[in-house]
Amino acid sequence: MSTTPSTPAASAPPPLHVLVVEDHAPLREQIAALLRGAGHRVEEAADGRLALAQALAEPPDVLLLDLGLPGLSGLALCRRLREQAAQAVPVLMLTARDALPDKLEGFAAGADDYLVKPFEAAELLARVQALGRRGSSGRDYRLHVGTLAFDRRSREAWRGGQRLELPPIPLALLQALVEAWPRALTRSELIRRIWGDDPPDTDPLRTHLYQLRQQLDKPFATPMLHTVHGVGLRLQADTSPGTATP
Ligand code: CA
């Protein structure tokens, strides 16, 4: 990891409470120093079980989580946190394994974002900041856009009371769009959210957006997922989902 010294500017965003869970001491200390340097309040943990207890006792604004940990694995910690925490804790998973199955498992367990080791200091700070900002916009588990509801704890979505049956990637795309709403997300923001800097092919979103539209929009009269020309994708709130004419 390369480090660029950074000092919080006068207009810097409010500091975040970050819990860094990593058993490799040199890396953990480096990450903690970097975050402290950016003005954040940092706690450290090297053991999964202790980290879970810490996160439950005082939920951090962002949890930085290594996958391979003694005591309790990162995935198990993530799952338990989602079951037991009183509020949503944004989780940024650190992983040396950038294989897609691990990421899908991570999303299913409740990770919000990924960073593949080794990573750049600036990248880490930007992702932590983005997750913290997302969190501060509302820690409620249940988010609403029009008649669409998204439960971040159970990872379930409903439109007009009808449950959407979505595979992990379309579900993660929907969550990103719900959290960003009313803002649009660019295609590259969406791609990075799912695959980091290592997308599987040139147009990875196509089939997943198709699956999302099949569930989110096809059964209803008004589409919610809109392409904003030259910008990206955005959800538009509906007042009533209506029913599609056969
Ligand atoms: Ca480890």
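See the values below:
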item	result
Glu44 - accessible surface, heavy atoms, 1.4 Å probe, Å² rounded to 10	70 Å²
Distance between modelled label sites at Leu225 and Asp198, nm, 7 Å Cα→Cβ extension	2.6 nm
Gained length - Ser73 relative to Thr186, 0.36 nm times residue gap less alpha-carbon distance	37.4 nm
Debye log10 I(q)/I(0) for the chain, one point scatterer per Cα, at q = 0.10 Å⁻¹	-0.49
Fraction of accessible area attributable to carbon and sulfur, region 17-136 (%, probe 1.4 Å)	55 percent
Gap separating the Cα centres of region 104-126 and region 196-246, nearest whole Å	24 Å
Average accessible surface area per residue within region 186-234, 1.4 Å rolling probe, Å²	58 Å²
Shape box of region 17-136 [Cα atoms, principal axes, largest first, Å]	32, 31, 27
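The values are calculated or read from the model by the stated rules, or taken from the named source; none is laboratory data. It should be emphasised that the depicted structure is a prediction, and the values quoted were computed from it without experimental measurement. Cβ sites come from the backbone with ideal geometry, for glycine too, and all protein chains shown count toward neighbours. For the accessible areas, the whole protein counts, side chains as well, though only heavy atoms, and no ligand, DNA or RNA atoms are used. Shrake-Rupley method; radii C 1.70, N 1.55, O 1.52, S 1.80 Å.
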